[in-house]
Structures are given as C-alpha cells and as structure tokens.
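Below is one structure, written out as structure tokens; comments come after it.
The values are calculated or read from the model by the stated rules, or taken from the named source; none is laboratory data. Everything numeric here is computed off the predicted structure, so don't read it as measured data. Cβ sites come from the backbone with ideal geometry, for glycine too, and all protein chains shown count toward neighbours. Surface accessibility is based on the protein's heavy atoms, side chains included, excluding ligands, DNA and RNA. Shrake-Rupley method; radii C 1.70, N 1.55, O 1.52, S 1.80 Å.
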There are 2 protein chains.
Amino acid sequence: MVKVRFVPENVEVKADLGENLLEAARRANVFVDAPCNGNGSCGKCKVKLKEGKAETKQTHHIKDQEWAEGFVLACETKILEDITVEIPNSHATNMSGMRIEGISESREKEIFERARKQVIDNGMSFGSYVKKDYLEIELPTLDDNISDWDRIKRHLRIHLGFNKVFCRLPMLRKIPNMLRDNDFKVTITHIPRGDNRTTIVNIEAGDTRNRLYGVALDIGTTSVAACLVDLYEGRLLAKASSGNAQMKYGADVINRIIYATKRGGLEKLTHAIIHETINPLLTKMYEEANVGKDEVIAFVAAGNTTMCHLLLGVYPDHLRREPYIPAFIRAPFIKTSELELEANPETFIYIVPSVASYVGGDITAGVLSSGIWASEENVLFIDLGTNGEIVFGNKDYFMTCACSAGPAFEGGEISSGMRAAPGAIERVSIDPFTREPQMKIISEETPKGICGSGLIDLIAEMMVTGIIDRRGKLNRDLKTPRIRFDEYEIGEYVLVFKEEWNLEEDITVTEIDIDNFIKAKGAVYSGAATLIESLGLDMSIIDRVYIAGGIGNSLAIDKAIQIGLFPDIDRDKYVYIGNSSLMGCYLTLMSEDARRKLETIAGQMTYMELSAYPSYMDEFISACFLPHTDIERFPSSSVKINNQ
Amino acid sequence: MVKVRFVPENVEVKADLGENLLEAARRANVFVDAPCNGNGSCGKCKVKLKEGKAETKQTHHIKDQEWAEGFVLACETKILEDITVEIPNSHATNMSGMRIEGISESREKEIFERARKQVIDNGMSFGSYVKKDYLEIELPTLDDNISDWDRIKRHLRIHLGFNKVFCRLPMLRKIPNMLRDNDFKVTITHIPRGDNRTTIVNIEAGDTRNRLYGVALDIGTTSVAACLVDLYEGRLLAKASSGNAQMKYGADVINRIIYATKRGGLEKLTHAIIHETINPLLTKMYEEANVGKDEVIAFVAAGNTTMCHLLLGVYPDHLRREPYIPAFIRAPFIKTSELELEANPETFIYIVPSVASYVGGDITAGVLSSGIWASEENVLFIDLGTNGEIVFGNKDYFMTCACSAGPAFEGGEISSGMRAAPGAIERVSIDPFTREPQMKIISEETPKGICGSGLIDLIAEMMVTGIIDRRGKLNRDLKTPRIRFDEYEIGEYVLVFKEEWNLEEDITVTEIDIDNFIKAKGAVYSGAATLIESLGLDMSIIDRVYIAGGIGNSLAIDKAIQIGLFPDIDRDKYVYIGNSSLMGCYLTLMSEDARRKLETIAGQMTYMELSAYPSYMDEFISACFLPHTDIERFPSSSVKINNQ
C-alpha cells in the first residue's frame, strides 16, 4: 500500500501499488473531471504530479511544457510510490454551482408565467395533488372511545367526505401523541384519489395549512437543476443547480452505463446523483427558504431514461445493447425515503414518464411546458443537452427522435469548455481585420472557459472571418499569434492569453474541439431534418422553434443558423425557453391536470429511431460541414461567407 | 463504574454505582423473570449474590435460609461494587421453547381440520390471497422494444387478464437481469385485487409455482406461537413457539405499557418481540422446512391490542388511561421489512383487527376459527390467556368482554408456576386420606414447576380433600409435612420435595398463589356471568363452551367447574380448541374469504366494558370463593365438598 495526497484539498488516501490514479481520486472523493470515463480520449483529467513518481505517458493532450511541469492524465497514470498530486482549479470550476440557464430573473419569470398561462388557458386546474386540511377533532370520552385512527377517519368522512382513508406505519406511530399534545387540533397532509379515497402522509401540530412545499427536479447528464415551490401560494421559493456528480464516472450516458456494469458501479452512480448532487441542492434551498425537510411533501423529477435508471438504482446496461430496452418507462410509486432523498419520508416522488430508451421524461416534461400539445402551429422543439432530443408536432401529433450530440453544447469535451456559469465566455465577436476577439463573460468575472453559446459565436465568427474553413480547419496562412500549432500539427486559436488575466493556462479552441462541435451540431441539424422529412415535409413548414436546455439565454440564434446548427428560417420564429424540463416538473407539481397531461403526452409521442432510418447517416455526414454540404439550405449563412 | 458478572452464562456488564440489578441484567441481555416489572411484588426475580456486596433487603419472598445463601430480589438490589450474580435455572426454563398448547399431534390435526371444514362448509373458497404465475415472456426485438416492465404488464394483460399491474422499487431493480438471466422465463408472485388489478411482490427464476409460503403468528402476552404454511398445498410445514421476550419488562400488558412510557422503553419492547422472539422462531421454522426467507410472502399475525401496538412500535400508554383509547384497531398496510421481520422484504403483514382496547385481534381470529359466526347454537368462548377474553353469541350476534385474569393460567405470578412446557406438572390428584399427591408431568421429565391445568387440578383436589377452605386458606389442623408456614405465617403446600428429584427448591403452592389464582378464576367466571346476564339470560342458555388458550389440553373441565372457573353445566358441552388465534391466522392465510369474514367479525362484535357495568364488581367478589359465594350455582361441586 502506498499513500496518495491530493492538494490543495489535502486529502490523503491509501492505494494499491499500480492502482490507477483516477480511481484513487474517486475513492478519495476528490473531483477529477473525466468526461470520457478514463479511456484517455478527452484529456480532461489532467493533474500535476508534485512529489513522487508514477508510471504514465505523454499523450497529445499534454504539451511539452506541461509534461516538463509534471502534468499527467490521471487515467493514464499508475501509482508506484507515495505521491502528492495537485488538482488544478479548472476541475473544481466544473463542479461548482452555476446560474440556472444563465438567464435573467425577469426573463425567467416571463418563462414561468407563460408556461403557467398555457396550462390555465387549456382548462387545467391549478392546485397541487397534495392537500392540507386543518382538523379540530372531537375529544374521546368513555362513551365515544373509538381508536385514534378511526376517529381521524370518522372526522374526514363527516367533514371532508372521504370514505376510505389510508396511512402507513410511520404515520400511525405519530398519531397518538400528536393528537394529545395538540388538543386534537392538527393539520393533515394527504393525497386524495378518486372514489373519495385519500392517503394521509403527514400530520402536524396546529394549523399549518400555509406551509406546504414541493420540489421540482431536472436531472441532466451534465447538470442538475432544482426549485423549491410553495404549493400553498404557487410561488417559487428557491432555485439551485450544480453539476451532476456522476460526471467523474463519465461525461455521457454511454460512459455512465458502462461504469454501472462494473462491480459496485451502479451503487456509486446512484450515490453520486442522490447524496453528492441532489441532497446538497435540497439542503441549500431548504435553508435559504427556511423550510423544514419534513414540510416538503411533493416531489417531481425528470431526466433522460438513463438518468432515471441511475437515480432509481436500476441496472441500465440493456439500454445500450441491441435491441436497446429500458427496464421501465413509467416508474412505480416510490417514496423519497426509498431513495434517501432529503424530504418528508412519506413523500412520493413522481418520475416523469419517458418515451423510449433515448427520449426521456425531461422531453415529456419539456413538451408539457412548451405547450406543443395545445398548439395549432407546427412546432420544432430542440433540447440541447448532452443528448440532443428533437420533437416536431402540434396539438394533433408529436414525433420525436434523439441524436447523440455529446456534451459540447454544455462545454463538455471541449478543451477550454465549461458550463454557462460565472466566468464563462458566453458571447464572442472577432474583428475581421485584426482577428482579435471581443468577449462577454458571465457575471463579468475573470474568464475561466467558454460555454456553449460562446462556442457557437466563436465558431461562427471564425468562419466568417476566414480563420477556419468549412471543415473547421484553421487557415495556416494567417499571420496572427492567436493561431498556433503543436508538435502533433494540431492547430488552435487563442481566445485569451493567460498573461492577460493571470490565468494558469491560455483559453483556446483546438481543431479537435471544433471537430467535436461540428459533429454535435451536425447530429442535431440532421436529426431535425430527418424527422421533418420523414413526414414528407420540409423546414418551411415550421411555424415556431423552441430551444431548450442549458446552453443559456445568450445563445445567438443567427450565429447558430450561420454554422448550420438550426434551420435557416425566420429568426422571429425562434424562442429560447430555458430549462423546459424543470418547468414541466414545476407545472406537474402545481397541477394534477398537468400530471395527467404528461401521461398522455408520453403515450402519444411517436419515437423515431434515427439509426434505423436509411437517410439519416447521409444527412449527418452532409451536416458535418460549416454550415452544411448543401450550402443552399443556409442562404443567410452563405451570404456572409461570400461577403467576407 | 463497577462490573457485574452473571453466571452460569458468564456475561459481564458495566454498571453505575447504585444501579438497579434487574436493569443491569436487562442491559446485559441476561433473562431474569420479572412479571411485575420490578416493583417487588412478585418475587420472581430471585437471584443469588455469589461475590461482592449490594444494597438489598429481605422480603417475604425470600425465606431465611435463602437469605442466608445469598438470594436477593434483583429488582430490590442496588449494585455497590463488583459483583457476581448467579441466575437460577428456573429463569431460563421460563424462556425456553414449549410444546404448542401441549396437545398431541393427532388432536392438533383434528382441530385444524375442524376449523378448515367450518370455513369450507360455509361456502368460503380456500386459496391464498397471494398468487404465483409462471410466465414465458416474448423476447424483445428491435421492432418490439417496449420496456421490460411494460412487457411484463402486457403479458399479464393478454394472458392473465390484469389491466393494471403495480410493483415497488425493489421489484423494478430485480427485473432487468432476472428476465435476461432466465431467458424471460420467470415466476411472479402477486397479490390480485378487484378490478383486474394486481401488485407484483416477487419475481423468481424459472417455474417456482410450488414454492409459496406464509407464516401465521399468534402474539400472546406470555407466549408466542407461529406456524409456517405451504400455501401451494395448504399444508402445515412447521410450528414453533416460545416465551414472549418482553416478559423481562413485565408479565402483563399494564406493566409492559408502563415500561413503554420510559425513555427507550417502547423501542426495547418492539425489539424484544421482533428480534428476540419472532425472528428466532421464524429462522428455526425456515431451517426445519428448508424454506428460504425470500420465499415467505404472506404473513398474518394476531395479538391483543397492546401486543399489536408494541409489535408496530406504536405508543400504547393511552390504552391504560381513561378513556382507554387505542391508537388503532385496524392496522394499515405494513411490510414485514418495515418491522425487520425475517421474510421477503416485499411481504405484507396482515394484522388481524381488534375489537377494543382489551379485546384484540387474537379474539377476532379465535371467533373466526371457532366458527361462532356460523353457529345456530349459543356459544360461550373463553380465551384463557394473560387476559381472559370472553365472547358469547351465535351466527346472529356476538358480545365480548375482557377481564384481567393475570398470567396465573399460564403459570405466571405463581411461585412454582411455569407454562405448559416439558417438566410442567399438568395433572394432580391428592389422596384424601394421606394428602399425598400424584402427578403427571409433561414429557414425563423431572418436574420443574406447575402449569395452569396442574394448578386447577391441585386447587380442586386441595379443596375436596379439605387441605384448603373455600377462601383458599390452608387447614392449620392437618398433620402432614406437606403443609407448612413461614416466619410471616404464610402457608404453603409442598407438591414436590426437592430431595425427591434432586431439585434446587421444593415445588410448592403458597396461600398467596392460591389467592392470585382465585382472583383470576373469579375474574373469568364473573365476566362470563355478567356478559350473559346483561342479555337477560342465564348459564342454562349455553349450548357449547369453547375453551381456547395456552392452558393446555390436559385441562380437566370437571375440576375447573369444581373450583368455579367455568359454569356448572353439562361437561359434554365443553370443547378445548387450543390456540384458536393461531388457527384463525392460519385460516386467514389460506382463504381470502376468511380474511373478509374476520373484518366483518371485528366490526360486528359488541364490546362490553365490564368496569362500566354496575353489577360486575359484586359478581367478581362473589366469585372469589371456592367455587363461589353462591354455592347453589355449582351443584356438582358442593356435592363433592359435602361428601368429603
């Protein structure tokens, strides 16, 4: 056994001789970013060996100077003796909290109100499926000596009309003293069902009807967002978000699934999402809003199908093996306590139903909140997450498909990429003459990296200023210190020199990053195109495009069209609707009718498996150009290129 | 801190200076019998101080010679220094297993068949509420790629007609690999409800339809009996019983309730019944029958109302405080896993509904198995447990009441008393001339004590041979070494001299024992009399008397009548039906119709609170004679007394 010390956290862990350094870091609960799950392809797990020796190798992710300074890839390093390892700041940044969606509060309110209005306009009643009622129960006497539980049931029958009332053991245990300590004046929380039946899930002293809380939760592959809702007033009390702590086990669903098949892997992933991600968010929100966890009595969560499996601890491997079968699409009734989530132990968690293996409940929830189900117009809905999911339809039908975009839109698998958090470069423009960039940074902080919207801007600007060609390759003839090539002849454009801001490293975009990004945007565009073409239609049929996901409100639609991510139609048709999955969960929490609608939506969506569609591969390859092989499809983009 | 060592177990525990010795023994998990829960009144917690000194006192429970030998009452002893304490054998005897009911196997079979026939004769269907079905599910393909859970539901819909199928999280987690490891050939265990709905509670590899097991459980204040049932064939596989380990916290329900109000008391009582009593019985039966705990999927339990509260960990104190309100009469749905019982974690435990605070589910179950609900005859049902519960009625109505008989019928609060276990004196006759006794001992072993049926015989014989008078006082004029008086002038009759069998102590019955016993029999008789008189009837209306409880098959009805325990009617009307509560649980396990009948019975029984009935106290006082103040009520008894 040898010792590994991680600085600056100063955490020490014992390791076997020859153990992999990334595994040791995971055991020590030290966060090392590893989107590719340790197969050496992403280069993100770069750490600095400060003391001691290890068996490792230089790869194209490590420049000569870095190598000289002791940088290694944790996943490519075997521990041979006691060592000290420094984890660069950038890793921590990727795990820290970020603004939800990077949108302003007023914009956010607007989105919430719009979704809410849609629900009300369509005749749905607002009001949580969980109710509170204050009871002043008749005191027992020798002549009226029925049991406490029968007394409560009698009261509910006479005063509220419930013929059948249920509870579970923890409630029963609470009842005798709760009644007597409060003179038989108590507030019950209950979940009514049809046929005058209800189930009591909490009992509190006195009149607490105005304290009834719920949590909406969007579980993304890369990031997790939550909001705490006052169900009594229908008000948003707090919001919180963070990276999904499962990231250390792989950036995308495939790598997570593979990790889940390893011994203890599934348990670690479930632990990471619940104990390392969701519970800290909950605790933070409860404290902020001064809400006790026992007062939180409703829970709605959405995520892609893999995230739902991992949340519930259900073996996911068959999702990625032909014929790609999920264990479930609709989860059974589950209590938050079964998942060890911080909430009242009797709280049920409703998991929004998925559509198929690669179209999850987050999309069902997104469709609910976007209002496609009530729309006369033809709507294209694009969720730019780690997977790109696309829905096309109107009030009469929906078609959906999924394309594996990868995490590029969220800053993943991009060497200087990061999520839309403070310090992220979210807008970029490049002077066509000097090729010098101008940037807008979230929270106007020191730049730390570049997020999805910044990347779209950057690539569009590099294209129109001739820094890159239509394949995304750097123009080797340009004379600017911002363009340079490493010993492997891989080029990069320097957005920020480290000296400008006193950074550890330059912020750059490499040809590999651009290539990754082009594949991602190609996947999304070709998915949308195939979906619409499969109906015998073309892009001109689209009346409205909703863009959802964590890419941020700074997304410049015209730039995204220029690079061929979105179809080249009227910009006014585009609306960015933020985290539509979280919004859908919020609506579900607030309206039982909305929940029923969700069930209908999940059942009505027709899933199209792109890989089974003959023309998809051609579409994809054609879309892996800037903006597209068939430049006629992007008239506005080609104008700019011609004009440069 | 000082040390206390208990021998012969050789268990050592640290104790505070001045700590009570009984408490220290409980902490050390050393069983010291303490029916009165340590208030010094029963004298059962007699232990021997072998080394070291303690603060204690001699009471009338400790004879001079015992005092000289170091015997003390643990409950009256404070620990002052390191001590060694010897626990006499008699304590362990009281905790050891015993024969169920002390009845023969053939008699038991007869009772089971009779109860079963009654159920069938009344048009109830036999068959467990838990079903097993073997499924050969269609394999998934790219074209038929619905989720595993949807596939199971589809199969159940098409092949078995269930429209709604439910499961909980642990099932969902089992499904993906269980299906694939077994080529989609599995057996499901499920609980169908009305409306073509069912809930899957287990899934197993291959065809296991012939392995389906359930447990019936009778939880008595003094003893606990269980049987393991093959639900596929309706066969009894194993039986087991033992003392209720809660005994160390008090012999009767009142003392247990008081203990439950102490800090941590309720948790200890619940732990004692589940982990120290029921689980060992279950494990023993499973091993005996070669049944895996995961195959045990149905559970029915009955007990008095207090035992039900303590089993579920529900605060029971309001049961004993005016107006005597139970927390519940009908328990909610509970899983065995919520109680940490050894069974499949998805198993529901059905708790037989109680009638009132002092008429529990054991009586409801007893009424079910006795068949009163179908009887044209007027039936008197007497359950001789630690409480005496009485039911009178026929197919049209039932009345019920409870009298606190105390544990005398089970050998409790009797100085040489024990349960009907091997070594118990179960029959006694006394030579009218020599006053020498003859005895029958269970399993023909060395006599260890006297059980309920033996005590009835003994007192009847002492009465007819003039050893005691009608108040139960010893005749001081008789010259026999078997009658003697201690320094407090309390008399006793020696049934067995220790020299005869090389025992630690003589087996005797004291005037205090006789007094306790007379109160117990008086309570039962006067309860029955009051119940019948309240209807404007008298004992002659009785067509049949069912005697239930742990008193044993050796019970001599004529002796019980002689002493005034049972009404003096035709002996042929009496039937001993053994543990009718356990039998009722068995029937409930086997027949869903029987379960519904139970619910009806519990709802139909009219409870009469004896203490609220004006004439009861007079009846009780009159009954505290041998056989009764009003000797005319016992013509057969008075004949014998006159004849002596």
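Summary of computed values
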quantity	calculated
Modelled FRET efficiency - R0 51 Å, B:TYR613 with B:ILE158, Cβ distances, 0.05 increments	0.25
Percentage relative contact order, chain A, counting C-alpha pairs under 8 Å, at least six apart	13 percent
Accessible surface, per residue, of the protein assembly as shown when the full set of protein chains is kept, probe 1.4 Å, Å²	38 Å²
Cβ crowding within 10 Å averaged over residues, with A:126-137, A:331-342 ranked highest first	A:331-342, A:126-137
By average C-beta atoms within 10 angstrom, highest first, the peptides A:356-364, A:627-635	A:356-364, A:627-635
MRE, 222 nm, helices only [DSSP H, n ≥ 4, -39500 (n - 2.57), over chain A, to nearest 500]	-8500 deg cm²/dmol
Alpha-carbon spread of region B:117-250, three principal axes, descending order, Å	65, 39, 24
Shielding by other protein chains, A:307-315, mean Cβ within 10 Å	3
Phi-based couplings in Hz for region A:214-226 (Karplus 6.51, -1.76, 1.60; Gly and Pro marked x)	x, 10, 10, 9, 10, 9, x, 5, 9, 9, 10, 10, 9
Where no second cysteine Cβ lies under 4.7 Å, the cysteines concerned in chain A	A:CYS45, A:CYS75, A:CYS167, A:CYS227, A:CYS308, A:CYS401, A:CYS403, A:CYS451, A:CYS585, A:CYS624
B:LYS293 accessible area, 1.4 Å probe, all protein chains in place, Å² to nearest 10	90 Å²
For B:ASN210, label point 7 Å along C-beta direction: distances to other copies, nm	6.8
Most to least accessible of A:ARG470, A:ARG595 (protein chains only, probe 1.4 Å)	A:ARG470, A:ARG595
Hydrodynamic radius (Kirkwood) for the protein assembly as shown, which is based on Cα pairs only, to one decimal in Å	35.7 Å
Inter-copy separations for A:GLU9, label at 7 Å along Cα-Cβ, nm, ascending	4.7
At 0.890 mPa s and 25 °C, Stokes diffusion of region B:560-606 via Kirkwood alpha-carbon radius, µm² per second	187 µm²/s
Exercise: per-residue mean of other protein chain Cβ atoms within 10 Å, B:320-326	5
Those trypsin sites (Lys or Arg not before Pro) in region B:210-264 that DSSP places in a loop and that have at most 12 other beta carbons within 10 Å	B:LYS262, B:ARG263
Loop-located GluC sites (Glu not before Pro) in region A:490-545 whose Cβ has at most 13 other Cβ within 10 Å (DSSP)	A:GLU504
Neighbour net charge for B:ASP317 - beta-carbon separation under 14 angstrom, K R +1, D E -1	+4
Accessible area buried at the A-B interface, both sides summed, 1.4 Å probe (Å², nearest 100)	3500 Å²
For chain A, radius of gyration divided by Kirkwood radius, i.e. Rg to Rh on alpha-carbons	1.01
Rg ratio (alpha-carbon, reference 2.2 N^0.38 Å) - region A:340-427	1.36
Sequence of B:ASP593, A:ASP148 when ordered by accessible area, the most exposed leading, probe 1.4 angstrom	B:ASP593, A:ASP148
Backbone HN-Hα couplings from phi across region B:128-138 [Karplus 6.51/-1.76/1.60, Hz, Gly and Pro as x]	5, 6, 9, 10, 10, 9, 8, 10, 10, 8, 4
Cα-only radius of gyration and Dmax that characterise region A:118-167, units Å	16.2, 55
Cα principal axis extents for region B:173-329, largest first, Å	60, 36, 27
Kirkwood Rh in Å, taken over region A:131-205 so that all alpha-carbon pairs contribute	12.4 Å
Span per principal axis, largest first, for the Cα atoms of region A:2-87 (Å)	30, 25, 23
Relative contact order of region B:131-205, pairs being alpha-carbon contacts under 8 Å that are 6 or more residues apart, as %	38 percent
Proximal lysines to A:LYS48, defined as alpha-carbon separation beneath 22 angstrom and excluding residues fewer than eight positions away on the same chain	A:LYS3, A:LYS14, A:LYS57, A:LYS63, A:LYS78, A:LYS248, A:LYS448, A:LYS498
Ratio Rg/Rh, restricted to region B:500-590 and using Cα atoms, in which Rh is the Kirkwood radius	1.07
Region B:487-644 - Debye-derived log10 I(q)/I(0), Cα point model, q = 0.12, 0.13, 0.18, 0.19 Å⁻¹	-0.72, -0.82, -1.25, -1.32
For chain A, with +1 on Lys and Arg beta carbons and -1 on Asp and Glu, the positive-most of A:ALA420, A:GLY466, A:SER128 along the dipole	A:SER128
Label point 7 Å beyond Cα along the C-beta direction, distances from A:GLU113 to other copies (nm, shortest first)	8.2
Where B:PHE433, B:PHE328, A:PHE162 fall by accessible area, highest first, once all protein chains stay in place (1.4 Å)	B:PHE433, A:PHE162, B:PHE328
Local net charge near B:GLY38, Cβ-Cβ under 15 Å (Lys/Arg +1, Asp/Glu -1)	+4
Note, ³J(HN,Hα) from phi for region B:379-396, Karplus 6.51, -1.76, 1.60, rounded to Hz, x at Gly and Pro	10, 9, 10, 10, 9, 8, x, 5, 9, x, 10, 10, 10, 10, x, 8, 5, 8
Cα pair distances in region B:417-510, grouped into 10 Å bins until the bin that holds the longest one, percent each	17, 51, 29, 3
Chain A, accessible surface, carbon-and-sulfur percent (1.4 angstrom probe)	48 percent
Convex hull (Cα only) mean projected area of region A:377-443, reported in nm² to one decimal	6.9 nm²
Pairs beyond 21 Å (Cα-Cα), from A:LYS262/A:LYS335; A:LYS131/B:LYS164; A:LYS521/A:LYS573	A:LYS262/A:LYS335; A:LYS131/B:LYS164
